[in-house]
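For reference, the structure is listed below as structure tokens.
The values are calculated or read from the model by the stated rules, or taken from the named source; none is laboratory data. Just so you know, these numbers come straight off a predicted model, no measurement behind them. Note that we place each Cβ from the backbone using ideal geometry, even for glycine, and neighbour counts take in every protein chain shown. Ligands, DNA and RNA are stripped out before the accessible areas are found, and what is left, the full protein with its side chains, is counted by its heavy atoms. Shrake-Rupley method; radii C 1.70, N 1.55, O 1.52, S 1.80 Å.
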Amino acid sequence: MRGHSVALVEQRPPDRGRSHRSWLLNYEAFNDLQILEVKLRSHEIANVRFSHHHAGIERPLRAGTAYAISQDNLFAALRQRSRDVGVEVLEDTRATAPIIDRGFLRGALVDNDRELHAEYTVIADGANSTFGRNLGTYRRRDLPYLIAINGTWSSNLSNSTTVDIALDLTRSDGSPLAGYGWLLPNGNDSVTAGIVVPSTVRDVESVNLQQVLLNMVNTHADTWGVDLDSLLELGRERRLPVGGSVGPILGPTFVVAGDAASTADPLSGIGVSGAVRSGRLAGNVVADAIGEGASAPLQRYSSDLSAALGRRRRLGRVLLPVLGHKFGRFALPLAAHSRFAADALLRSTFDTSLND
Ligand SMILES: Cc1cc2nc3c(=O)[nH]c(=O)nc-3n(C[C@H](O)[C@H](O)[C@H](O)COP(=O)(O)OP(=O)(O)OC[C@H]3O[C@@H](n4cnc5c(N)ncnc54)[C@H](O)[C@@H]3O)c2cc1C
């Protein structure tokens, strides 16, 4: 925008730049990133297999439905695209405190000593959102969240075009646990394995998720040619606020996007699409506000986001309590034994359309 500059302030997370981990990108994320002309290096996932111990059902996906992309590649591509359009990218820079002027957010203090003044600010500082919390955002305690952890292991099947959804999570004592796991080929002699458990599981905070992840990888190691001693990287357990449980997501001069605004999908935990979509919507209302010389367009952001993510949020609020209950523990594995159940799970939890 003529006469306006944009700065991206990004504190580099500890593992950035040397992570093996990949993300599963769904159609929405891939499509939005293409619209933004972000150049991606990814490999297409053509099939999904629902596994329950040794049982399994494989379903072909519609072309262009899912991709595997390394986290580092995606972040590097986003930074490069930002630079290409004239954004000043401040890497390894932490926004430490808001600059408040007569009650309005007017930028951020970065690295404790430098002031970055801004007419409008988009806050996308992730699930913990320390900067957002500083401005008064909070997660509603009465709404569910997800807990997830992932890691990478060497695998000689990393060029597979199948993602494995494991419906056989077990606790340390071997008893079944609600939630699901995934094994995603990274395309570089390794596989990303992860698990996600809903907070509607009654004792979720006391579950050792690392052990649940190792149990899951152990169960599927033969299928994926994984050597259990070949752990390359193990992520930290992370809470994922989902389904619009965080608010407020806008103020007179700022909007909140991504995990900081709980845009991740409440059922699958897939969050890149919600982050990219909310980022686009945030960019639109800020550009309109600058164009009109008034902040009124920011008020549109909430309804735009609800229009984009509302259907999944409503479904999440109904289904998450069911998925965390023992019914979910016994119902989910049906998808590994019945094609009908597999298709139903793909359509409901993963919001994915099938080939036929
Ligand atoms: C284990 C796990 C596996 C997942 N797998 C998938 C998957 O396969 N597919 C998928 O679609 N989603 C997945 N998700 C969800 C996905 O990771 C998130 O929804 C997505 O990363 C949200 O993007 P974001 O930009 O909002 O937040 P983040 O990706 O967390 O990025 C926030 C950025 O803000 C920076 N930051 C934080 N505080 C500050 C500050 N004060 N100043 C400056 N910078 C700051 C951080 O360093 C980080 O770079 C997974 C989540 C977890 C926990």
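Helix 339-348: angle to the longest alpha-carbon principal axis of the chain, degrees 0 to 90, nearest 10?
Helix 339-348 and the main axis of the chain meet at about 10 degrees.
So who's got an amide H within less than 5 Å of the one on A66, skipping anything under 5 residues away but keeping other chains? H placed 1.01 Å off N, in plane.
Amide H to amide H, under 5 Å and 5 or more residues apart or across chains, A66 pairs with I45.
Run a plain Debye calculation on the stretch 51-115 (Cα atoms as equal point scatterers, no solvent) and give log10 I(q)/I(0) at q = 0.23 Å⁻¹, rounded to two decimals, same order as the q list.
-1.07
Go ahead and collect, in residue order, the members of the stretch 175-204 whose backbone nitrogen is under 19 Å from a label point 7 Å along the Cα-Cβ direction of E233.
182-196, by backbone N distance to the label point.
Quick one: order F340, F131 from most to least accessible surface, probe 1.4 Å. Walk me through the numbers on the way to the answer.
Working: F340 170, F131 15 Å².
So the residues, ranked largest to smallest area, are F340, F131.
Compute the signed sum of charges (Lys and Arg +1, Asp and Glu -1) over the other residues within less than 13 Å, Cβ to Cβ, of S160. Let's see the in-between values first.
Details: positive: R49; negative: E44, E58, D164, D189.
Taking every other residue near S160 into account, the sum is -3.
Normalised by the residues of the stretch 266-352, what does the relative contact order come to in percent, with Cα pairs under 8 Å and at least six apart?
30
Please name whichever of G291, G243, G274 sits farthest to the positive end of the charge dipole of the stretch 188-303, dipole taken about the Cα centre and charges placed at Cβ: Lys and Arg +1, Asp and Glu -1.
G291
State the Kirkwood hydrodynamic radius of the stretch 224-300 in Å, one decimal place, computed from all pairs of distinct Cα atoms.
Across the stretch 224-300, the inverse of the average 1/r is 14.6 Å.
Using protein chains only and a probe of 1.4 angstrom, how many square angstrom of R329 are accessible, to the nearest 10?
Rounded to the nearest 10, the figure is 70 Å².
On alpha-carbon atoms, Rg over Rh for the stretch 216-356 using Kirkwood Rh? Working shown, then result.
Values: Rg = 19.3 Å, Rh = 17.7 Å.
Rounded to two decimals, Rg/Rh equals 1.09.
Could you pull the Rg and Dmax for the chain, using just the Cα atoms, both in Å?
20.6, 63
Name the long-range amide H neighbours of I100: under 5 Å, sequence gap of 5 or more, or other chain; modelled H, no Pro or chain starts.
Sorted by chain and number, the residues that satisfy this are R106.
Rank H220, H43 by accessible area, highest first, at a 1.4 Å probe radius? Walk me through the numbers on the way to the answer.
Working: H220 5, H43 45 Å².
Highest to lowest solvent-accessible surface, that is H43, H220.
Suppose the chain between S175 and V89 were pulled fully straight at 0.36 nm per residue; how much longer would it get relative to their current alpha carbon spacing? Show your work: numbers first, answer last.
Working: separation 86, 0.36 × 86 = 30.96 nm, distance 4.78 nm.
Full extension of this stretch gives 26.2 nm more.
Just the number, please: carbon plus sulfur as a percent of the accessible area of the stretch 231-356, 1.4 Å probe, no ligands or DNA/RNA counted. Mind showing how you got there, number by number?
Numbers: 3170 of 5460 Å².
Ligands and nucleic acids excluded, carbon and sulfur reach 58 percent.
Return the single residue from F30, F50, F327 with maximal mean-square fluctuation; model: Gaussian network over the chain, springs between Cα atoms under 10 Å.
F327
Return the Rg/Rh ratio of the stretch 83-141 with Cα-based radii and a Kirkwood Rh. Write out the running numbers ahead of the final one.
Numbers: Rg = 12.5 Å, Rh = 12.6 Å.
Result for the stretch 83-141 is an Rg/Rh of 0.99.
Accessible area of E44, 1.4 Å probe, to the nearest 10 Å²?
In the full protein context, E44 sits at about 70 Å².
Per residue, how much accessible area does the stretch 1-146 show when a 1.4 Å probe rolls over the protein heavy atoms, in square angstrom? Present the calculation step by step, with values, prior to reporting the outcome.
Numbers: 8300 Å² over 146 residues.
I get 57 Å² per residue for this part.
Compute the angle between helix 71-84 and the longest alpha-carbon principal axis of the chain, please, reported from 0 to 90 degrees and rounded to the nearest 10.
With both axes taken from Cα atoms, the answer is about 30 degrees.
Using heavy-atom solvent-accessible surface (probe 1.4 Å) with all chains present, what is the largest-first order of D304, D227, D142? Display every interim value, and only then the final one.
Numbers: D304 40, D227 85, D142 105 Å².
The most accessible residue leads, giving D142, D227, D304.
Which value, to two decimals, describes the C-alpha radius of gyration of the stretch 1-120 once divided by 2.2 N^0.38 Å?
Numbers: Rg = 19.5 Å, N = 120, 2.2 N^0.38 = 13.6 Å.
Ratio of Cα Rg to 2.2 N^0.38 Å: 1.44.
Dividing the alpha-carbon radius of gyration of the stretch 58-196 by 2.2 N^0.38 Å (N being the number of residues), what value is obtained?
Details: Rg = 20.6 Å, N = 139, 2.2 N^0.38 = 14.3 Å.
Here the Cα radius of gyration is 1.43 times the empirical estimate.
I'd like the orientation of helix 301-324 relative to the chain: the angle between its Cα long axis and the longest Cα principal axis, in ° from 0 to 90, rounded to 10.
Tilt of helix 301-324: around 30 degrees.
How high is the relative contact order of the stretch 52-112, given as a whole-number percent (alpha carbon pairs under 8 Å, six or more residues apart)? Mind showing how you got there, number by number?
Numbers: 34 pairs, mean separation 11.5, N = 61.
Result for the stretch 52-112 is 19 percent.
Work from the charge dipole of the chain (Cβ charges, +1 for Lys and Arg, -1 for Asp and Glu, about the Cα centre) and give the residue of V9, G132, N150 farthest towards its positive end.
It is G132, whose Cα lies furthest towards the positive end.
Any idea of S160's accessible area? Nearest 10 Å², probe 1.4 Å.
Near enough 30 Å² of accessible area.
Run the Debye formula on the Cα coordinates of the stretch 206-252, all scatterers equal and no solvent, and tell me log10 I(q)/I(0) at q = 0.26 1/Å.
-1.04
Okay, helix-only estimate at 222 nm for the chain: each DSSP H run of n ≥ 4 adds -39500 (n - 2.57), divide by all residues, round to 500 deg cm²/dmol; what do you get?
On the way: 8 runs with 105 residues, N = 356.
Computed mean residue ellipticity for the chain: -9500 deg cm²/dmol.
With all distinct Cα pairs included, what does the Kirkwood hydrodynamic radius of the stretch 111-154 come out to in Å, to one decimal, could you say?
Values: mean 1/r = 0.0710 Å⁻¹.
Hydrodynamic radius (Kirkwood, Cα pairs) of the stretch 111-154 is 14.1 Å.
Counting only DSSP beta bridges with both residues in the chain, tell me the antiparallel percent, nearest 5. Intermediate results must be reported in sequence, preceding the final value.
On the way: 56 of 69 bridges.
In the chain, approximately 80 percent of DSSP beta bridges are antiparallel ones.
With a cut-off of 8 Å between alpha carbons and a minimum separation of six or more residues, what is the relative contact order of the chain in percent? Don't skip to the answer; put the middle values down first.
Details: 755 pairs, mean separation 73.0, N = 356.
Result for the chain is 21 percent.
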